[in-house]
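**Q** Okay, handing you the structure first.
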2 protein chains.
Amino acid sequence: MAKRVSHWNAGCPVARALDVIGDWWSLLIIRDAFDGVRRFGELQTSLGIAKGMLATRLRDLTDRGILQTAPASDGSAYMEYVLTSKGRGLFLVIVALRQWGEQHLYQADEPRSSMIDRHTRAPVPRLQLHAKDGRRLTWRDTEVLKVAKDPGPAARRR
Amino acid sequence: MAKRVSHWNAGCPVARALDVIGDWWSLLIIRDAFDGVRRFGELQTSLGIAKGMLATRLRDLTDRGILQTAPASDGSAYMEYVLTSKGRGLFLVIVALRQWGEQHLYQADEPRSSMIDRHTRAPVPRLQLHAKDGRRLTWRDTEVLKVAKDPGPAARRR
DNA sequence: CGCTTCTAGTTCTATTTTAAGACCAGTTTA
DNA sequence: TAAACTGGTCTTAAAATAGAACTAGAAGCG
């Protein structure tokens, strides 16, 4: 290709977020990190990702402050990768993706992993967006206020 | 590259979701669709995406039931792309990405678009995950129950 | 201790994606 | 009726990916 275009300067937090974790593998690595997978080899077999890809993704995610390395908790001389606070902030992104996938991409009888409440062992209910006064908000109830105006990527390239 | 590997058969809704909307552009197209952008040309200039890319992305998203085409609402002979119900289901994914981006990727003084409540014009509060009994759930309170066991992509390729 | 195996990578190459621009047919506007 | 706009397709080059081969250091084993 030509170099993949960056969304960083779009003035939109969605675009900037995707610039950081919007590639094919990052969110899956982060999902595994939430599930307690910490070692390079564990990630590799769990994801079925090429080692080279995994190595560069882990480097990128570390550089961007989403993962950090720590000495292995089993006492060996190896490293492990754990989520930073910024990385843990992606929890609701993963939950939202999971819930959408469950609802729209599976037949009733297809087996799939599910997220449960550790205390009650019950399935986690659906995420909801509420206004300050408690009203439930759907996409119809919201609107995006655009910023002053960056000319946008196309214009910026001219 | 070699052909990008698919995550569809991983038995994880997150993986399957990313298989469908996990590429570099899809979620940005969907974000624009939520903001009311409907025409090919509007999308192209708004995103700064190459026309060829946009055309294939729109075809994919339509094939996958996330967008659908409709006769243009301005009476011209052209088409427009609108979200299906399945596509609108991605609302909370966009909101979660937006909120993470706002919180972790911007300096206080950087301008950025923001999402507001149409009725009160107030910023939309943060998404929260709650248990059935109303307790707020964080990543520490949840656990993913894996499914019976697909051997995983690496093993499947052997 | 010495040998083998495991871990966590790096390097290499073939193939596919992507970006970006040229080109084009049908539609709308002047 | 000519000019410009819309919504694409086609072509090309540069870059990302997958997959395999290779490697240095750490662990396990007898």
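The values are calculated or read from the model by the stated rules, or taken from the named source; none is laboratory data. What you are looking at is a predicted structure, and each value in this text was computed from that prediction instead of being measured. Positions of Cβ are generated from backbone atoms using ideal geometry, with glycine treated the same way; all protein chains shown enter the neighbour counts. Areas reflect the complete protein model, heavy atoms only, side chains present, ligands, DNA and RNA absent. Shrake-Rupley method; radii C 1.70, N 1.55, O 1.52, S 1.80 Å.
**Q** I'm checking my understanding of the structure. Among residues of the stretch A:1-39 that are among the β-branched types (Val, Ile, Thr) and outside any helix (DSSP H, G or I), which one is nearest to DNA strand D (Cβ to nearest atom)?
**A** Across the stretch A:1-39, the extreme among qualifying residues is A:VAL5.
**Q** Could you give me the residue pairs with C-beta distances under 9 Å whose first residue belongs to the stretch A:2-13 and is more than 8 Å from every other protein chain (Cβ to nearest Cβ), whose second residue is of a type in the set (Ser, Thr, Tyr) and away from DNA strand D (no atom under 14 Å from the Cβ) wherever it lies, and which are 6+ apart or on separate chains?
**A** Hits for this filter: A:ALA10/B:SER113.
**Q** Applying the selection to the stretch A:105-143, what residues are out of contact with any helix residue (DSSP H, G or I) (no Cβ under 8 Å at 6 or more places or on another chain), aliphatic (A, V, I, L, M) and under 28 Å from B:ASP63 (Cα atoms)?
**A** A:ALA108
**Q** Would you pick out the residues in the stretch B:68-97 that are within 26 Å of A:GLY89 (Cα to Cα) and not small (Gly, Ala, Ser)?
**A** Kept after step one, since they are within 26 Å of A:GLY89 (Cα to Cα), are these residues of the stretch B:68-97: B:86-97.
Hits for the stretch B:68-97 are B:LYS86, B:ARG88, B:LEU90, B:PHE91, B:LEU92, B:VAL93, B:ILE94, B:VAL95, B:LEU97.
**Q** Is it the case, given these coordinates, that A:ALA148 is at pLDDT below 95, within 7 Å of chain B (Cβ to nearest Cβ) and in contact with a Gly (Cβ under 9 Å, 6 or more places away or on another chain)? Before the answer, list the steps.
**A** Values: at pLDDT below 95: yes; within 7 Å of chain B (Cβ to nearest Cβ): yes; in contact with a Gly (Cβ under 9 Å, 6 or more places away or on another chain): yes.
So A:ALA148 passes the test.
**Q** Oh, and also: From the set of residues in the stretch A:60-92 that are within 14 Å of another protein chain (Cβ to nearest Cβ) and of a type in the set (A, V, I, L, M), which is farthest from DNA strand C (Cβ to nearest atom)?
**A** A:LEU92
**Q** In addition: Checking A:ILE49 against (1) of a type in the set (A, V, I, L, M); (2) surrounded by 17 or more Cβ atoms within 10 Å (Cβ to Cβ); (3) not in a loop (DSSP other than H, G, I, E, B), which single condition isn't satisfied?
**A** (3)
**Q** Being more than 7 Å from every other protein chain (Cβ to nearest Cβ) and under 29 Å from B:VAL37 (Cα atoms) is the filter here; which residues of the stretch A:107-133 pass it?
**A** Across the stretch A:107-133, the qualifying residues are A:ARG126, A:GLN128.
**Q** For the structure I just gave you, tell me whether A:ASP117 is within 23 Å of B:GLY134 (Cβ to Cβ) and open to solvent by 20 Å² or more (accessible area, probe 1.4 Å). Show your work before the answer.
**A** Numbers: within 23 Å of B:GLY134 (Cβ to Cβ): yes; open to solvent by 20 Å² or more (accessible area, probe 1.4 Å): no.
Criteria not met by A:ASP117.
**Q** Sort through A:ARG57, A:ARG16 and tell me the only one that's open to solvent by less than 40 Å² (accessible area, probe 1.4 Å) and more than 9 Å from chain B (Cβ to nearest Cβ). Please lay out each step first, then the result.
**A** Working: A:ARG16 fails: more than 9 Å from chain B (Cβ to nearest Cβ).
Within the list A:ARG57, A:ARG16, the selection yields A:ARG57.
**Q** Out of (1) at pLDDT below 95; (2) buried (at least 21 other Cβ atoms within 10 Å of the Cβ), the odd one out for A:MET1 is which?
**A** (2)
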